[in-house]
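Scroll down for the structure; my scribbles are underneath it.
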Amino acid sequence: MTIAQALVAFSLAAGLLTITPGLDTALVLRTAAAEGARRAALAALGIVLGCLTWGAAAAFGVGALLTASQTAFTVLKWTGAAYLAWLGVNLILRPRARFETSTAGAAPDGAAAWLRRGFLTNLLNPKVGVFYVSFLPQFMARGVEPVGFMLLLAAIHAVMGIAWFAAVIAATRPVAAALRRPAVVGWLDRATGAVFLAFAARLAFDRR
């Protein structure tokens, strides 16, 4: 896979995953509706910083494995493939009928509090870390330095997250209404499940 092919493939997959509703989107939606756009933007920024932290951790960890141990990377590869396949099968066979937008009670006043809330919501979710470790290595282009390239992929995902959250905040009511429709949530879950299965297969048969 060339650098251009890797970036295009990652952008397409990450774009779909970004708009698939989850805990982070629920937090931003709820905050925008109940607390206002400014606090929602701070929470969104905290979430993106959490994603970058996970992405950096995955990049340095996986990069070290790619450099030091073929055996360790093989174990990681099969573990990541199994995890993505499990997620994909569950999303396809058991898509959600609704998307819950309620979250815990309001955070204390102050910019730092809302930034911290978004950051910790993302950072304390271990599924995000497992996702990055499973997902980023699949888009390694030929001849690139692993750590730097995976940091670039994490940064691209972060930019997508900023754009998505900005759209969510700007159109809180229409977006929230759409995400409450069972057909929309079910379609997004199934589409995301198909993406997970496709990349699980690719990861499993990657002979790098």
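The values are calculated or read from the model by the stated rules, or taken from the named source; none is laboratory data. Note that the structure is predicted; figures quoted are calculated from it, not measured. All Cβ positions, glycine included, derive from the backbone under ideal geometry; neighbour counts span all protein chains shown.
Computed values, structure above
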{"read-out": "When residues of segment 1-51 are limited to those that are of a type in the set (S, T, N, Q) and in a helix (DSSP H, G or I), the one farthest from ARG117 (Cα to Cα)", "value": "GLN5"}
{"read-out": "Pick from segment 48-73, criterion in contact with a Phe, Trp or Tyr (Cβ under 7 Å, 6 or more places away or on another chain) and modelled with pLDDT of 70 or more, ranking: nearest to VAL159 (Cα to Cα)", "value": "LEU49"}
{"read-out": "Test for LEU76: is it surrounded by 13 or more Cβ atoms within 10 Å (Cβ to Cβ), assigned to a helix (DSSP H, G or I) and either touching a Leu at 6+ places or on another chain (Cβ under 8 Å) or modelled with pLDDT under 65 (or both)", "value": "yes"}
{"read-out": "Pick from segment 1-21, criterion in contact (Cβ under 8 Å) with a residue 40 or more places away in the chain and β-branched (Val, Ile, Thr), ranking: nearest to VAL185 (Cα to Cα)", "value": "THR20"}
{"read-out": "Any hit, segment 133-153, residues being hydroxyl-bearing (Ser, Thr, Tyr) and within 15 Å of LEU52 (Cβ to Cβ)", "value": "no"}
{"read-out": "Boolean, ALA85 is under 18 Å from the mean Cα position of the chain (by Cα), surrounded by fewer than 21 Cβ atoms within 10 Å (Cβ to Cβ), at pLDDT 75 or above and under 21 Å from SER134 (Cα atoms)", "value": "yes"}
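Matching residues to (1) surrounded by fewer than 14 Cβ atoms within 10 Å (Cβ to Cβ); (2) outside any helix (DSSP H, G or I); (3) modelled with pLDDT of 75 or more:
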| residue | (1), (2), (3) |
| --- | --- |
| MET160 | no, no, yes |
| ALA167 | yes, no, yes |
| ARG173 | yes, no, no |
| VAL185 | no, no, no |
| LEU188 | no, no, no |
| THR192 | no, no, no |
| PHE199 | no, no, no |
| ARG202 | no, no, no |
